[in-house]
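The values are calculated or read from the model by the stated rules, or taken from the named source; none is laboratory data. Everything numeric here is computed off the predicted structure, so don't read it as measured data. Every residue, glycine as well, gets a Cβ built from its backbone with ideal geometry; the counts of neighbours run over all protein chains shown. Surface accessibility is based on the protein's heavy atoms, side chains included, excluding ligands, DNA and RNA. Shrake-Rupley method; radii C 1.70, N 1.55, O 1.52, S 1.80 Å.
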Amino acid sequence: MRRITFLLITCLLSLSTSFAEVSLPNFFSDNMVLQQQTECNLWGTADKGQTVKITTSWDQKTYLVKAGKDGKFEVKVQTPEAGGPYEITFNDGKAVTLHNILIGEVWICAGQSNMEMQMKGFKQQPVEGTTEELLRCKDSQLRLFTVKRHVSLTPRYNVTGQWNEANSASVRDFSATAYYFGRALRSTLNVPIGLIVTAWGGSACEAWMKADWLRAFPKVKQTITVGDVSKLQQRCPTALYNGQLYPLIGYGIRGAIWYQGEDNVPRYDYYAPLLKAMVEGWRKEWKQGDFPFYYCQIAPYDYSLIEWKGSQYLREQQMKAESMISNARMAVLMDAGLEYGIHPRKKRQAGERLAILALSNTYDVKGLPEFATYKEVEFKNDTAVVAFDRSKEWVYFEHGTTSKNFEVAGSDKVFHPATKVWVSRNRVYVVCDEVKKPIAVRYAFKDWVEGDLMHDGLPVSSFRTDNW
């Protein structure tokens, strides 16, 4: 009798495992958005050797793929122009159907706390305009996915999170910067938008990188242990690449936005090449060519409150990175900081300025403003004449006809506040009574400053003409 019972149980287990349900990563689910007009990767697990039939409702096409020895399968499906809702069915003997799928534009949104900061803000740290936005944010064509925090010594297969349509409940708990970015894209492009946020407050740039990419940076810890990951968490090199980015690699995207840098202020000296290595590494792993990468320059803040200093040098490194990384542009936030808080309230400015870069450079939308950049300086007797690129609309000061944010130095390399500053066309003229023969000029080159040099409604980055 026991032998018969054992054989029955064995038989039942065999039948159940031979038709085990296909398992998919959490980002392949109801409500997801797939990148339009491309070959999108889909992957999951089934019984090893099992043939999985995948059917896409937009074209009724069926794809057959066999699970490998490890049970994993992957297939590319062709997506149409933006639209939906659609369904995808995975069948290995037992069907799994994903519903309410949209085809549109998909963006990865990564970084540290200023990307992670939800519309509801942090405790006693609100986001400006949240109440008004939650009253009008409902949009079934804007889909949101937030990757839950996780660090790992080795690459993970999956993440925790789920796709949601934009409404007051989902937007309240979603990244404010990413939301405003997506809202602007939705309004202008009128196609479905999918946003995948993977961020962690206080995270280091090094944490979002693969170990191989960090070998070029001897100041970065090269051998990482489980103890390092446990102790350093989001600041541990490779820990977030493995835990929060690697599982997403291969998901069809249009590009990425990035808001990070505060944690790297004490290590500002190599941030530009570090960011370049990270972006190029992501692109190589994604195998989508040089996809667009748009990022926020960190906003001004009084770093002495956390016993740091030198964020202006990190901002300078971010400005340099723009010329070092192909298909990358920087959104300037010199007018959107907070003196006593490292988490500025003005997240709409951050998200919409990233959207301006994407719409202008990726989607070729005409008529949008441009970030002017420092070009060069010429010294004429006691006057420094500063010129700018991308400044066809001419530069100006936000609050009047002059600025208190300029400093001048002579051969002694001692900087003094400028006494006369004025604008003519796309030139700024700077004079300091204490410096008769200037050799260097700095603008807003401090931790905390309220930037007031503007072009076409957008701020100009802090800069210096020296390298002392």
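In the stretch 147-177, of all residues being among the aromatic types (Phe, Trp, Tyr) and open to solvent by less than 20 Å² (accessible area, probe 1.4 Å), the one that is nearest to Ile101 (Cα to Cα) corresponds to Trp163.
Okay, residues lined up against (1) crowded, with 17+ Cβ neighbours inside 10 Å; (2) of a type in the set (Asp, Glu); (3) without any contact (Cβ under 8 Å) to a residue 40 or more places away in the chain; (4) part of a helix (DSSP H, G or I):
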position: Leu314; (1), (2), (3), (4): yes, no, no, yes
position: Gln318; (1), (2), (3), (4): yes, no, no, yes
position: Ser326; (1), (2), (3), (4): no, no, yes, no
position: Asp335; (1), (2), (3), (4): yes, yes, no, no
position: Glu339; (1), (2), (3), (4): no, yes, no, no
position: Gly351; (1), (2), (3), (4): yes, no, no, yes
position: Lys375; (1), (2), (3), (4): no, no, yes, no
position: Gly400; (1), (2), (3), (4): no, no, yes, no
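Scanning the stretch 407-437 for residues that are within 18 Å of Ala372 (Cα to Cα) and outside any strand (DSSP E or B), we see that the one that is most open to solvent (accessible area, probe 1.4 Å) is Arg425.
Inside the stretch 122-146, residues that are in contact with a Pro (Cβ under 8 Å, 6 or more places away or on another chain) and either open to solvent by 20 Å² or more (accessible area, probe 1.4 Å) or of a type in the set (A, V, I, L, M) (or both) make up a count of 2.
In the stretch 31-66, how many are among the acidic types (Asp, Glu) and within 24 Å of the chain's Cα centre (by Cα)?
So the count comes out to 1.
Summed over the stretch 401-444, residues that are among the aromatic types (Phe, Trp, Tyr) and touching a Gly at 6+ places or on another chain (Cβ under 9 Å) total 1. Could you pull out the residue among Ser152, Ser140 that is of a type in the set (Ser, Thr, Tyr) and closer than 26 Å to Thr362 by Cβ? Testing whether each residue is of a type in the set (Ser, Thr, Tyr) and closer than 26 Å to Thr362 by Cβ leaves just Ser140.
Applying the criterion of at least 3 residues that are in contact with an Asp or Glu (Cβ under 8 Å, 6 or more places away or on another chain) to the strands (runs of 3 or more DSSP E) found wholly in the stretch 47-145 leaves 51-56, 72-78, 95-111. Among the residues of the stretch 93-121, the ones that are surrounded by fewer than 24 Cβ atoms within 10 Å (Cβ to Cβ) and under 30 Å from Pro237 (Cβ atoms) come to 3 in all. For the stretch 172-184, the tally of residues that are touching a helix residue (DSSP H, G or I) at 6+ places or on another chain (Cβ under 6 Å) and hydrophobic (A, V, I, L, M, F, W, C) stands at 3. Within the stretch 185-202, the set of residues being outside any helix (DSSP H, G or I) and out of contact with any helix residue (DSSP H, G or I) (no Cβ under 9 Å at 6 or more places or on another chain) comprises just one member, Asn190. For the stretch 262-275, the candidate set comprises residues that are free of Cβ contacts under 8 Å to residues at least 60 places away in the same chain and closer than 29 Å to Arg348 by Cβ; within that set, the residue that is surrounded by the most Cβ atoms within 10 Å (Cβ to Cβ) is Val265. When Thr362 is tested against (1) out of contact with any strand residue (DSSP E or B) (no Cβ under 7 Å at 6 or more places or on another chain); (2) farther than 21 Å from Ser391 by Cβ; (3) among the polar types (S, T, N, Q); (4) surrounded by 16 or more Cβ atoms within 10 Å (Cβ to Cβ), only condition (1) is not met. When you look at Gly243, is it part of a helix (DSSP H, G or I) and touching a His at 6+ places or on another chain (Cβ under 8 Å), yes or no? Here the answer is yes, as Gly243 does meet what is asked. For residues in the stretch 212-247 being out of contact with any Asp or Glu (no Cβ under 8 Å at 6 or more places or on another chain) and among the β-branched types (Val, Ile, Thr), which is surrounded by the fewest Cβ atoms within 10 Å (Cβ to Cβ)? Step by step, filter the stretch 212-247, then rank; the result is Thr223. Among the candidates Glu280, Glu352, the residue that is within 24 Å of Gly457 (Cβ to Cβ), out of contact with any strand residue (DSSP E or B) (no Cβ under 7 Å at 6 or more places or on another chain) and acidic (Asp, Glu) is uniquely Glu352. Taking the stretch 291-312 as the range and being farther than 25 Å from Ala355 by Cβ, part of a loop (DSSP other than H, G, I, E, B) and of a type outside the set (A, V, I, L, M, F, W, C) as the test, the residues that pass are Asp302, Glu307, Lys309, Gly310.
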